[in-house]
Every structure is written in structure tokens, then in C-alpha cells.
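Structure first, commentary second.
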Amino acid sequence: GINTDAGKNLVGAFHQPAAVLIDLATLESLPRNEIVAGMAEIVKAGFIADPVILDLIEADPHAALDPTGPVLPELIRRAVVVKAEVVAADEKESALREILNYGHTLAHAIERRERYQWRHGAAVSVGLVFAAELGRLAGRLDDDTAERHKAVLTSLGLPVTYDADALPQLLESMLGDKKTRAGVLRFVVLDGLGKPGRLEGPDPSLLAAAYAEVARA
């Protein structure tokens, strides 16, 4: 997808690669903050499909960020399996593939507001906490799993808050999200650990209450 002033990933095409090569040695050339940012997508995969990812991170967050150790390659492998299985089942994002956008509805709005100066992973991290709280307040997600989002992300050094006064602008951006249908906001939420679902047309008061979980003065 291509980023435009209208939002992220609104312009693009579907083409499957002949192969995907992952050279883990390149991770050693990255500064730590880039590895931290990349972990947000791995954490997402853990919550939507593979809780073992979360167990590995919680066991030793420092090892999870070490590109020379055995844990990070295993986390990457598991996250790749999650995405590959979802994309294989729904190549053009007609239904199932939307679960890969868990946390991304708010994240893309944050990135747009920040003129894409925020790292994608940082925005996704905040978006995951928001989506977890949205699911909890909607009666879909248990308290412990919702709180686990913040604990795991914080342990990796990822942000879990954003500007308190930004919600009106973020809501406007979210209306342009690719999951929105006929002006109705649609979010990926969890019905439990590893059980993604959808929440359509949440009440504005519910959105405000969920945003309060990530709002900072």
C-alpha cells in the first residue's frame, strides 16, 4: 500500500511474491529502537492467533529484543506463520485478513496526524491498547487479557499512550479507514486470547471511554 494525505494503505495492488527471504543477520545492523518498533506487529500476532509469542516475550523481554539470540528468530518465525496462514486464506482482504489490522485503525490515524514521523510500531502499540480496551468495554474481552496488552508492550519499551486532546481529529481520520463501510466505523477486537472478531458502529461514548485508556495530558 501507499501512504497519502488521505491515509495509509488506501492505494495499492495485490501481488503475491514468488518467495520471501528473511536474513536475520540484517537485524544486527538496526538500532535498538527499530527492533523495539518491529515488536509491535509480533505482539499483535500473539494476541490474534499465537499466544506462545506472548509467553516467550513475558519470559524474558530483553532476550526477545536480542537479534543475536535464539528468542527473536523464533518470535519472527511464529509471526510470519500467523500472517502467511491468514493471507493464504484471504488474499484480497475480503474478510478474515482484516484481523491482521488489529490495533491498526487507531494506529493509522495516529500516523496520519503525526505526518508519518511516528514509527509504525509505536502507533500500532498504542492502537493495540486502545483496541483491547474497546473490546473490554464492549463486553467482549476479559480484564486480564486487556491488561496484558499494556504489560507486554510496556515491557518491550513501546509507547502505550497518546495525546489526550487528539481524539476528534483521530476519529475523523478513522472514518477514512479501509475497513469503514458507509461511514460506519469497524474495528477488529478480541473475544478472547487468540479469538479476533469485529465491532461495528460503536457508540461515540464507548470510543471516548476506550481512548481514555491511552490518553495522556
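Restricting attention to the range 17-75 and to residues that are surrounded by 18 or more Cβ atoms within 10 Å (Cβ to Cβ) and among the charged types (D, E, K, R), the residue that is farthest from the chain's Cα centre (by Cα) turns out to be Asp50. Among the residues of the range 21-42, those identified as assigned to a loop (DSSP other than H, G, I, E, B) and farther than 19 Å from Ile53 by Cβ are Leu21, Asp23, Leu30, Pro31.
So, of the residues in the range 101-135 that are hydrophobic (A, V, I, L, M, F, W, C) and more than 21 Å from Ser205 (Cα to Cα), which turns out to be nearest to the chain's Cα centre (by Cα)? This residue is Val124.
A Cβ distance below 8 Å, combined with a sequence gap of six or more or placement on separate chains, defines the contacts here; from the range 63-77, residues that are assigned to a helix (DSSP H, G or I) reach residues that are of a type in the set (Val, Ile, Thr) and modelled with pLDDT under 95 in the pairs Ile76/Ile22. Quick one: in the range 130-153, of everything that is surrounded by fewer than 23 Cβ atoms within 10 Å (Cβ to Cβ) and among the small types (Gly, Ala, Ser), which residue is nearest to Leu171 (Cα to Cα)? Step by step, filter the range 130-153, then rank; the result is Ala138.
Checking each residue in the range 187-198 for being of a type outside the set (Phe, Trp, Tyr) and either under 12 Å from Phe130 (Cβ atoms) or surrounded by fewer than 19 Cβ atoms within 10 Å (Cβ to Cβ) (or both) picks out Val188, Val189, Asp191, Gly192, Leu193, Gly194, Lys195, Gly197, Arg198. It is to be established whether one or more residues within the range 92-100 are under 18 Å from the mean Cα position of the chain (by Cα), at positive phi and part of a loop (DSSP other than H, G, I, E, B). Looking for residues that are under 18 Å from the mean Cα position of the chain (by Cα), at positive phi and part of a loop (DSSP other than H, G, I, E, B), one finds at least one in the range 92-100, hence yes. Scanning the range 169-211 for residues that are part of a loop (DSSP other than H, G, I, E, B), out of contact with any strand residue (DSSP E or B) (no Cβ under 7 Å at 6 or more places or on another chain) and free of Cβ contacts under 8 Å to residues at least 60 places away in the same chain returns Leu175, Ala182, Gly183, Gly192, Lys195, Asp203. If you go through the range 43-62 and keep only what is under 21 Å from Val160 (Cβ atoms) and in a loop (DSSP other than H, G, I, E, B), you end up with Pro51, Asp60.
When the residues of the range 84-120 are filtered to those that are among the basic types (Lys, Arg) and surrounded by fewer than 17 Cβ atoms within 10 Å (Cβ to Cβ), the one that is nearest to Glu34 (Cα to Cα) is Arg115. Looking at Ala131, Ala166, just one residue is in contact with a Gly (Cβ under 9 Å, 6 or more places away or on another chain), not in a loop (DSSP other than H, G, I, E, B) and not polar (S, T, N, Q), and that residue is Ala131.
The values are calculated or read from the model by the stated rules, or taken from the named source; none is laboratory data. For clarity, every value in this text was computed on a predicted model and none was experimentally measured. Neighbour counts are summed over all protein chains in view; Cβ atoms, including those assigned to glycine, are modelled from backbone coordinates with ideal geometry.
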